[in-house]
1. Check region B:319-327 and report whether any residue there is assigned to a loop (DSSP other than H, G, I, E, B) and of a type in the set (F, W, Y).
2. Can you tell which of B:L472, B:L489 is open to solvent by 20 Å² or more (accessible area, probe 1.4 Å), assigned by TED's automatic domain parsing to the domain that holds B:P421 and at pLDDT 85 or above?
3. Collect the residues in region A:39-97 that are among the charged types (D, E, K, R), open to solvent by less than 10 Å² (accessible area, probe 1.4 Å) and in contact with a strand residue (DSSP E or B) (Cβ under 9 Å, 6 or more places away or on another chain), keeping them in residue-number order.
4. Sort through A:T161, A:T133, A:T153 and tell me the only one that's within 24 Å of the chain's Cα centre (by Cα), at pLDDT 90 or above and surrounded by fewer than 17 Cβ atoms within 10 Å (Cβ to Cβ).
5. Which residue is most open to solvent (accessible area, probe 1.4 Å), if the candidates are limited to region A:220-248 and must be of a type in the set (V, I, T) and in contact (Cβ under 8 Å) with a residue 40 or more places away in the chain?
6. Please work out if B:R430 is over 20 Å from B:L493 (Cα atoms), out of contact with any Lys or Arg (no Cβ under 8 Å at 6 or more places or on another chain), basic (K, R) and modelled with pLDDT of 90 or more.
7. Does B:L434 satisfy the criteria of being among the aliphatic types (A, V, I, L, M), more than 9 Å from chain A (Cβ to nearest Cβ) and part of a loop (DSSP other than H, G, I, E, B)?
8. Being β-branched (V, I, T), part of a loop (DSSP other than H, G, I, E, B) and over 20 Å from the mean Cα position of the chain (by Cα) narrows it down to one of A:I262, A:I204, A:I199, A:I256, so name that one.
Amino acid sequence: MSALPVQKSPPSAFAATLSHARYVIAGDPVTAFAFGLLALLIFAALFGPALVPYDPLASDTSATLQAPSLRHWFGTDQLGRDIFSRVVVATRLDLIISVSSVALVFAFGGLAGIAAGFFGGWIDRVVGRIADTIMAFPLFVLAMGIVAALGNTVTNIVIATAIINFPLYARVARAEASVRREAGFVMAARLSGNSDLRIALTSILPNILPIMMVQMSLTMGYAILNAAGLSFIGLGVRPPSPEWGIMVAEGAASIISGEWWIALFPGLALMLAVFCFNLIGDGLRDIVDPQRRT
Amino acid sequence: MTAIPLLDVSGLTVEFATRRGVVEAVRDIDLQVAKGETLGVVGESGSGKSVTSYAVMRILDRAGRIANGSVVFSGVALHDATERQMCDVRGREISMIFQNPRAALNPIRRVGQQIEDVLRQHAQAGSLDIREKAIDALRQVRIANPEERYDAYPFELSGGMCQRVVIALALACRPKLLIADEPTTGLDATTQKAVMELIVELTRERGMSTILITHDLGLAAAYCDRVVVMEKGRVVETAASRDIFDHPAHAYTRKLMRATPRPGIGLRDLLPEGSDAQPIQHSEPGAPLLTVKGLVKEYARKPASLFARFSKTAREAAAVPFRAVDGLSFEIRRGESLGLVGESGCGKSTTSMMLMRLLDPTAGSIIFDGQDIGAIPSGAFAQYPLRPRIQMVFQDPTDSLNPRYTAARAIADPLLRFGGPMTAAALRTRCEDLAATVGLPLDLLDRFPHQLSGGQKARVGIARAIALKPDLVVLDEPTAALDVSVQALVLNLLADLKAQLGMSYLFVSHDLHVVRLICDRVIVMKSGRIVEQGTASDVLDHPQADYTRELIAALPKAPARN
């Protein structure tokens, strides 16, 4: 693989991808909106903690439960903490949990699915039964059980979220790989002397990447919801660290007494993030798929 | 021609909005179809023949629109009819048959029900007699036992049967015009003959008009009254089919006719006039390179249904395996090209897969250069030292190239595995040499398969196959997916490469004209067995077996050349 003859291609592969990405994003307003939202989320995750007006952990007993105002854009909570600062700072933690869990399941689920679809036989049966077993549980309850058993840490939330998404990835990858197992280019790769493992990694994997990308963006939203859900019921991220799920939980009790802003703004942030990831799938596929690059 | 044509297309221009601006697919098309007439529309891929028919049916995809011109069908202006009016016209007035009959049928509905759907849609039958009418429609397309076939699913029928069902669907509502878009591409010669004769017969019986869209001049010649030749979105010639073959007026028509393989010519005669190619060097076949003895491939039968598993006779029938290849013995000499001919399902692809060591034989030996390679499991053969010496060119150039590899990467693949250590620059130079050998422009090396034309992709596939200087190349219908003019170039290239590199070919094909041009010897296969073998001219000019005679008789009569 090190001797890829690419040195003569006039524009570099990266530049070509970039210009193609620009074309895809410009071509569809929904995709453009979703990518704009994603940029905003990433910006908040990277620079949010440095830019917010208040310390997200500092309580101010003189300003508890204030409604949104110019001083506190999203209001303050029971301890007088600034909700706007907390919502922005929470972006980093929520994105870290969802991105790393999706990356984890993408690697393990995707590879297991490709192995199952491409090699078949006992690998297929083992992977299939593991996926079936996981699917047999109510997924959120399974995630609760895993976190409760392993302990209440961010790492364990990531692992639990990855495990419950495993069947989705393994099954999609298996189906796509088994369709391509008999394709002409796979036979041609065999004739060229490629081993089965190399064929799976260099011929099958790149070709199912576009479909996996769509899957990835869908589960990303699901992963955020799952992490927030775990925190909401008290498993997972612990207070006082700012996290959307906890913040909604903290504000839920106060909605009846009229302090709607405590739960509303983190909930809105959660909704926008999930919305963004769900919209981004099609655009992402078009960028990754060379067939669209005419 | 009658005074008022049934279909009158004049000045038709169709545009497509693409990323690079608006593209004209067809321009200024004029064609008329009289009542009861069969019109052939002939052209190579990209000539706009399908787009024209889609415009007539108003089923262009969203990016396409009729920019100019008119389409008048028995007094109705179709070019500005509403979608609602078109729904009444489609199926009832004008019907269409598509290229791939299997794709045109709904795979999970019984064929009888699909015919009923059409009848119901156009209110051609009430609920009482609808089944009768559907069965009657099947009977009219000469399907044996229509009562039983009514309950069949498309996958249970052969390709030719499926095309008959599609024709039954198209004709169920007695349309006045039938548009057949490559109705027999992908079907065997004998099936092609049966389907074409059926279409012509039904057309005559019902006084229908037919537009036959095809890339095959021979087919159009045999079955059409008039022929329209299209090139690059324009009509270049319109004439009665008899005249067009005696006196082709346009240079493009002459080029097409030259490129169509037919008896009594050499490979070089396919090339356009004035090409200065040297005569093909002919080498005498040497010692045997590959000897196949008693080759057998068996597949286990699956019980037809759950209930059949409980019946003793069905279980016993399932216990007898299906023999796809049944005791094949032959040899290929060095520098020889051997043709393997037969209809689909005769086992020729299974045979070539076993020779390529992609599939393990059930019994028999494959002796390559003194070594029994049939004994090496196919899984292990990929890294076996003999692997580089046996290579293959696949039937579908698109399917056989990894969509994510550039042409250079695809050609380099075997070199990376077997070429030994090589610097990136040396590899690139080797790829460029190979590209030059197969006549692929060097600036195309960095393109992806979908950015290449069919002929260019075929060249990439050939360059990849010869990269390791193999002794034996299996060519599995290498030109079946190509236009005739491209086919002419590729066939000549293959013949030149063989002489140049001293390779042997096993040429698997169902096209007897092509086999005659390129092969020294021919094997005719049927149901996994050899029915006849001998030199190409002996077998094709003086066939001994009935089956071979049948195959030759099914070829559309090639246009006579002046």
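The values are calculated or read from the model by the stated rules, or taken from the named source; none is laboratory data. Computed from a predicted structure; not experimentally measured. Every residue, glycine among them, receives a Cβ derived from its backbone with ideal geometry; neighbour counts consider all protein chains shown. Protein only, heavy atoms only, side chains kept; ligands, DNA and RNA dropped before computing areas. Shrake-Rupley method; radii C 1.70, N 1.55, O 1.52, S 1.80 Å.
1. Kept after step one, since they are assigned to a loop (DSSP other than H, G, I, E, B), are these residues of region B:319-327: B:320-321.
Among the residues that remain, those that are also of a type in the set (F, W, Y) are: none.
Checked region B:319-327: no residue is assigned to a loop (DSSP other than H, G, I, E, B) and of a type in the set (F, W, Y).
2. Details: B:L472 fails: open to solvent by 20 Å² or more (accessible area, probe 1.4 Å).
The conditions single out B:L489.
3. Restricting attention to region A:39-97, the residues satisfying the condition of being among the charged types (D, E, K, R) are A:55, A:60, A:71, A:77, A:81-82, A:86, A:92, A:94.
Those still in the list that are open to solvent by less than 10 Å² (accessible area, probe 1.4 Å) too: A:77, A:82, A:86, A:94.
Within region A:39-97, A:D82 is the sole residue that qualifies.
4. On the way: A:T161 fails: surrounded by fewer than 17 Cβ atoms within 10 Å (Cβ to Cβ); A:T153 fails: at pLDDT 90 or above.
Answer to the selection: A:T133.
5. Residue satisfying both the conditions and the ranking: A:I233.
6. Numbers: over 20 Å from B:L493 (Cα atoms): no; out of contact with any Lys or Arg (no Cβ under 8 Å at 6 or more places or on another chain): yes; basic (K, R): yes; modelled with pLDDT of 90 or more: yes.
It is false that B:R430 is over 20 Å from B:L493 (Cα atoms), out of contact with any Lys or Arg (no Cβ under 8 Å at 6 or more places or on another chain), basic (K, R) and modelled with pLDDT of 90 or more.
7. Numbers: among the aliphatic types (A, V, I, L, M): yes; more than 9 Å from chain A (Cβ to nearest Cβ): yes; part of a loop (DSSP other than H, G, I, E, B): no.
No.
8. On the way: A:I262 fails: part of a loop (DSSP other than H, G, I, E, B); A:I204 fails: part of a loop (DSSP other than H, G, I, E, B); A:I199 fails: part of a loop (DSSP other than H, G, I, E, B).
None of the others qualify; the one that does is A:I256.
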